Amino acid sequence: MTTNYAQQMLDALSSGQLEDAKKLFAQSLRKDNDDLIYSLAEELYALGFLNQSRRAYKKLLEKYPEEDELRTALADIAIEDGEIDEAQDYLAQISSNSSSYIKALLVKADLYQSEGLSESAENSLLKAEKIAPDEEVIQFALAEYYYSNQNYAKAVPRYRALLMTGHREISRVDIVARIGMAYAQIGNYENAMGYLEQIKPERMTLDTRFQLAILYQENERIDEAIKLFNEILDIDSKYTSIYPLLGQAYEQQQKFEDAYRVYQEGLAQDETNELLYRLAGLVADKLDDLDQAKNYYKQALALDNADVTTIIALSDLLLKQYEYEADIQLLEKYIQDNIIDPMFYWHLARANYQIEAISQANKYWMLALPFFEENVSFLQDIIDWYHEQGQRENEINMMNHYLQIAPDDVDMQMKLEDAKF
């Protein structure tokens with residue numbers, strides 16, 4: 001009975017007997033027949049033992065120098081190891097007349113991709129397609145190429161063609177999921193949901209569930225989004241990109257306590273998430289937990305000192321708490337550091353108005369006006385300012401401007417009438 005050293009080596013590897021596996025590998029290369037060595041090379045490559053796989057393929061290539069399939073396998077391994085020159089050498093030895101030429105073109109595409117030569121990779125794949133237009137592995141490679149390069153409109157028809165020929169999965173890639181994800185990226189949400197909903201829950205990856213949940217949320221199917229988000233967190237509580245979205249979904253349903261809980265749970269998993277601190281601050285503000293809101297905003301700014309959205313949220317809170325001096329100090333410091341947003345001017349105008357710093361207030365009202373001259377809330381504020389300062393002409397002009405934007409505001413109409421007398 002012939003001894004199968006290749007299988008014995010694989011058995012030793014699976015049981016963790018590395019020293020025995022090493023000895024059996026050497027015996028396989030010396031004593032096994034070529035078919036067993038070839039199968040062993042394939043198995044070792046699949047298991048990630050690249051050096052051993054390379055040795056087996058090289059032994060076979062020495063014996064069968066005309067077998068270009070061995071060169072494509074060795075080129076694949078070289079690419080995995082980052083040995084680009086070696087991979088190119090193997091591929092250069094394969095002529096266009098070789099039966100392995102199409103495979104070589106596919107490997108070349110991988111090589112070009114690894115070097116960031118996207119256009120060359122596409123050209124290599126298209127050349128292969130021209131030679132064998134009905135070859136499914138080429139269509140799949142092109143679909144994957146376009147998908148990975150975010151050219152989803154070109155990826156979709158190729159995936160769909162594969163699906164039509166009965167290929168639901170290729171190389172462990174779920175074709176239906178790929179089509180759904182691609183449609184989502186190009187904004188075709190109905191088709192995206194249609195495809196993703198075809199995937200059975202047990203076959204759906206966490207990333208696919210995540211994408212479907214986002215689609216539900218964007219299409220106002222909030223209950224379904226919340227259910228999916230929570231299912232993902234039940235499986236993997238460290239899937240931290242979910243917490244902001246799940247919290248916002250609860251906020252869409254006015255469930256602020258649930259949103260607050262989710263943001264806090266997210267921060268327990270990721271203490272460096274600036275967005276979660278800001279969102280927690282905003283919902284704490286809505287729940288009148290103002291001191292905690294302020295703390296969250298400050299923690300967010302400790303992580304990203306230049307985040308304008310958080311700065312404005314903190315400034316809003318300081319104004320709400322009548323901490324006008326603190327608000328002025330906060331915003332003027334950022335302006336001095338050349339971190340500026342037009343909303344800063346509006347808030348500074350309000351804060352200086354409250355502490356009766358008339359000159360400063362006037363300066364900031366004028367700086368803010370060009371940015372907010374179509375904003376009814378701002379116009380109401382500046383009209384009050386003009387009224388308090390006795391600037392009757394400016395007040396009337398601004399009320400007339402306001403009524404051009406909001407002509408049905410009866411209160412403003414009455415104020416304008418009173419101001420004219």
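The numbers here are math on the coordinates, done by the rules we state, and not lab data. Worth saying up front: this structure is predicted, and the values here are computed from it rather than measured. Positions of Cβ are backbone-derived with ideal geometry, glycine not excepted, and every protein chain shown enters the neighbour counts.
Solvent-free Debye calculation, one equal scatterer per alpha-carbon of segment 329-413: log10 I(q)/I(0) at 0.19, 0.22, 0.24 Å⁻¹ equals -0.82, -1.03, -1.16. Panel note: the C-alpha atoms of segment 165-249, placed on their principal axes, show extents of 42, 26, 17 Å (largest first). The stretch between Gln321 and Lys58 holds 87.1 nm of extra length on full extension. This uses 0.36 nm per residue minus the Cα-Cα distance. Given the pairs Lys200/Lys255; Lys298/Lys363; Lys227/Lys298; Lys200/Lys238; Lys238/Lys320, which span a C-alpha to C-alpha distance of over 25 angstrom in this model? Listed pairs above 25 Å: Lys200/Lys255; Lys298/Lys363; Lys227/Lys298; Lys238/Lys320.
Extension gain, Asp11 to Leu290, is 94.1 nm, computed as 0.36 nm per intervening residue step minus the present C-alpha separation. With one equal scatterer per alpha carbon and no solvent term, the Debye-computed log10 I(q)/I(0) for segment 1-103 at 0.11, 0.20 1/Å reads -0.35, -0.98.
Over the chain, the alpha carbon radius of gyration divided by the compact-protein estimate 2.2 N^0.38 Å works out to 1.50. Shape analysis of segment 42-98 places it in the oblate category; the axes a ≥ b ≥ c from the Cα gyration tensor give an a/c of at least 1.5, with a/b not above b/c. In a simple Cβ point-charge model (Lys, Arg +1; Asp, Glu -1; nothing else charged), the chain has a dipole of about 1320 debye relative to its Cα centre.
Taking the centroid of alpha carbons for each part, segment 56-86 and segment 403-421 are 83 Å apart. So what does the Cα-only Debye profile of segment 144-200 read at q = 0.13, 0.18, 0.20 Å⁻¹, as log10 I(q)/I(0), no solvent term? Each listed q corresponds, in turn, to -0.27, -0.52, -0.65.
Between Asn33 and Ser359, the modelled label-to-label distance comes to 10.1 nm, taking each label 7 Å out from Cα in the direction of the beta carbon. Shape of segment 14-55 from its Cα gyration tensor (a ≥ b ≥ c, root eigenvalues): rounded if a/c is under 1.5, otherwise prolate when a/b > b/c, or oblate? Oblate.
With the simple spin-label model, which puts each label point 7 Å out from Cα in the Cβ direction, the Asn338 to Glu169 separation comes to 5.5 nm.
Go ahead and run the numbers for FRET between Glu218 and Lys420, Cβ-Cβ distance against an R0 of 56 Å, rounding to 0.05. E(calc), rounded to 0.05, equals 0.70. About its Cα centre, segment 7-157 has a charge dipole of approximately 260 debye under the convention of +1 per Lys or Arg Cβ and -1 per Asp or Glu Cβ, with nothing else charged.
Placing +1 on the Cβ of each Lys and Arg and -1 on the Cβ of each Asp and Glu in the chain, which of Gly390, Phe256, Asn219 has its Cα farthest towards the positive end of the resulting dipole? Most positive-ward Cα: Asn219.
Candidates Gln8, Ala357, Phe49 compared by Cα position along the dipole of the chain: farthest toward the positive end lies Gln8, with charges placed on Cβ. Straight-distance candidates among the aspartates and glutamates for linking to Lys127, with alpha-carbon spacing under 15 Å and chain neighbours fewer than 8 residues away dropped: Asp110, Glu119, Glu135, Glu136.
With the alpha-carbon atoms of segment 379-421 aligned to their principal axes, the span from lowest to highest coordinate is 26, 21, 13 Å, starting with the largest.
Excluding same-chain neighbours fewer than eight residues apart, the lysines reachable from Lys22 by a Cα-Cα span under 20 Å are Lys31, Lys58, Lys59. Distance from the alpha carbon centroid of segment 276-299 to that of segment 87-153 works out to 52 angstrom. Report summary: the helix-based calculation at 222 nm, which adds -39500 (n - 2.57) for every DSSP H run with n ≥ 4 and divides by the residues of the chain, gives -23500 deg cm²/dmol.
If R0 is 51 Å, the Cβ-Cβ spacing of Leu206 and Ile396 corresponds to a FRET efficiency of close to 0.25. Scaled against 2.2 N^0.38 Å for its residue count N, the alpha carbon radius of gyration of segment 108-219 is 1.10. Scaling against 2.2 N^0.38 Å puts the C-alpha radius of gyration of segment 47-170 at 1.11. Over the C-alpha atoms of segment 259-309, the Rg to Rh ratio, Rh being the Kirkwood estimate, stands at 0.94.
Each semi-axis of the equivalent ellipsoid for segment 197-290 is √(5λ) with λ an eigenvalue of the Cα gyration tensor; in descending order they amount to 24, 15, 9 Å.
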